[in-house]
Amino acid sequence: MLRRALLLAVALAAPVALYAQDSSEALIQRVDEHYNRLASLRARYTEHYAGMGLDRTESGTLLLKKPGRMRWNYDQPAGKVFILDGKFAWFYTPGDPQVQRIPASKLDDLRSPLRFLLGHTQLKKELANLTITSDSYGIHIAGVPRGMEQRIRRLTLDVTQAGAIEHMKMEEIDGAITEFSFTQVVENVSTHEADFVFSTPAGVTVIDALPPV
């Protein structure tokens with residue numbers, strides 16, 4: 001009887017395990033397909049950073065366009081901007097005497113994990129040690145962004161059943177945490193080349209440097 005009971009338990013558990021695996025695979029595929037079919041995207045974002053003795057919240061509008069372009073316009077603090085034009089990333093805050101520029105290929109910035117959305121999205125290739133969990137707050141896809149292992153301990157994407165990313169959380173090796181929440185998302189919006197061009201203000205010097213935190 002005990003042996004039969006164990007065999008029955010295994011038989012009942014197997015479909016559940018297979019279903020969970022299939023559901024995970026299907027969810028990853030939905031995320032990939034959701035962003036692979038997009039040409040552009042606009043959203044409101046809130047960014048929260050806690051670490052190194054700092055605790056700050058900033059917000060603004062994000063514009064993405066394939067291939068390889070993004071613009072973060074901050075309204076808190078007003079005028080701060082981060083632009084990825086496909087070749088360089090530009091960082092500038094009004095009042096600063098310098099604008100920082102870095103080749104996109106060398107970018108190690110906490111916004112850069114979103115760059116995988118600007119190409120052909122394949123989460124399994126972008127994230128090492130990928131896991132999927134769910135709770136009362138939603139579905140969470142987590143892993144370590146490849147190429148950023150020395151800085152980021154874990155990246156968590158909170159996604160909808162349809163495969164849209166609503167929130168992302170980056171936990172750094174030094175304990176700092178950066179979170180982005182996305183709302184008012186509009187897909188395949190009209191964009192212009194000028195949206196992704198940084199015009200250096202008069203009197204501001206362009207320097208090639210590592211991006212700020």
Practice prompt. Kindly provide the set of residues from the range 61-85 that are more than 26 Å from GLY203 (Cβ to Cβ) and either exposed (fewer than 14 other Cβ atoms within 10 Å of the Cβ) or of a type in the set (Val, Ile, Thr) (or both), ordered by number.
Written response: THR61, PRO67
Worksheet item: So which residues in the range 178-203 are in contact (Cβ under 8 Å) with a residue 12 or more places away in the chain, among the aliphatic types (A, V, I, L, M) and either exposed (fewer than 14 other Cβ atoms within 10 Å of the Cβ) or on the phi > 0 side of the Ramachandran plot (or both)?
Response: VAL186, VAL197
Worksheet item: Restricting to strands (runs of 3 or more DSSP E) lying wholly in the range 96-192: which have 3 or more residues that are of a type in the set (Val, Ile, Thr) and modelled with pLDDT of 85 or more?
Response: 127-135, 138-145, 152-159, 177-187
Item to complete: Being under 23 Å from ASP174 (Cβ atoms) and not small (Gly, Ala, Ser) is the filter; apply it to the range 131-143 and report the residue that is surrounded by the fewest Cβ atoms within 10 Å (Cβ to Cβ).
Response: THR131
Practice prompt. Only residues that are within 21 Å of the chain's Cα centre (by Cα) and either assigned to a strand (DSSP E or B) or of a type outside the set (Lys, Arg) (or both): list them for the range 78-95, please.
Written response: LYS80, VAL81, PHE82, ILE83, LEU84, ASP85, GLY86, PHE88, ALA89, TRP90, PHE91, TYR92
Worksheet item: From the set of residues in the range 144-163 that are buried (at least 17 other Cβ atoms within 10 Å of the Cβ) and either in contact with a helix residue (DSSP H, G or I) (Cβ under 8 Å, 6 or more places away or on another chain) or in contact (Cβ under 8 Å) with a residue 60 or more places away in the chain (or both), which is farthest from LEU117 (Cα to Cα)?
Response: ILE152
Discussion item. Can you tell me which residue is modelled with the lowest pLDDT among those in the range 193-213 that are of a type in the set (A, V, I, L, M) and out of contact with any Pro (no Cβ under 9 Å at 6 or more places or on another chain)?
Written reply: VAL213
Response to the item:
Residue pairs qualifying under the 6 Å Cβ cut-off, at least six apart or on distinct chains, with the first in the range 116-131 being among the small types (Gly, Ala, Ser) and the second being modelled with pLDDT of 90 or more, are ALA128/GLY143; ALA128/VAL144
Worksheet entry | All positions within the range 26-68 that are part of a strand (DSSP E or B), over 18 Å from PHE180 (Cα atoms) and among the basic types (Lys, Arg) | LYS65
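The values are calculated or read from the model by the stated rules, or taken from the named source; none is laboratory data. What you are looking at is a predicted structure, and each value in this text was computed from that prediction instead of being measured. A quick note on method: Cβ atoms are made from the backbone with ideal geometry, for glycine too, and the neighbour counts reach across all protein chains shown.
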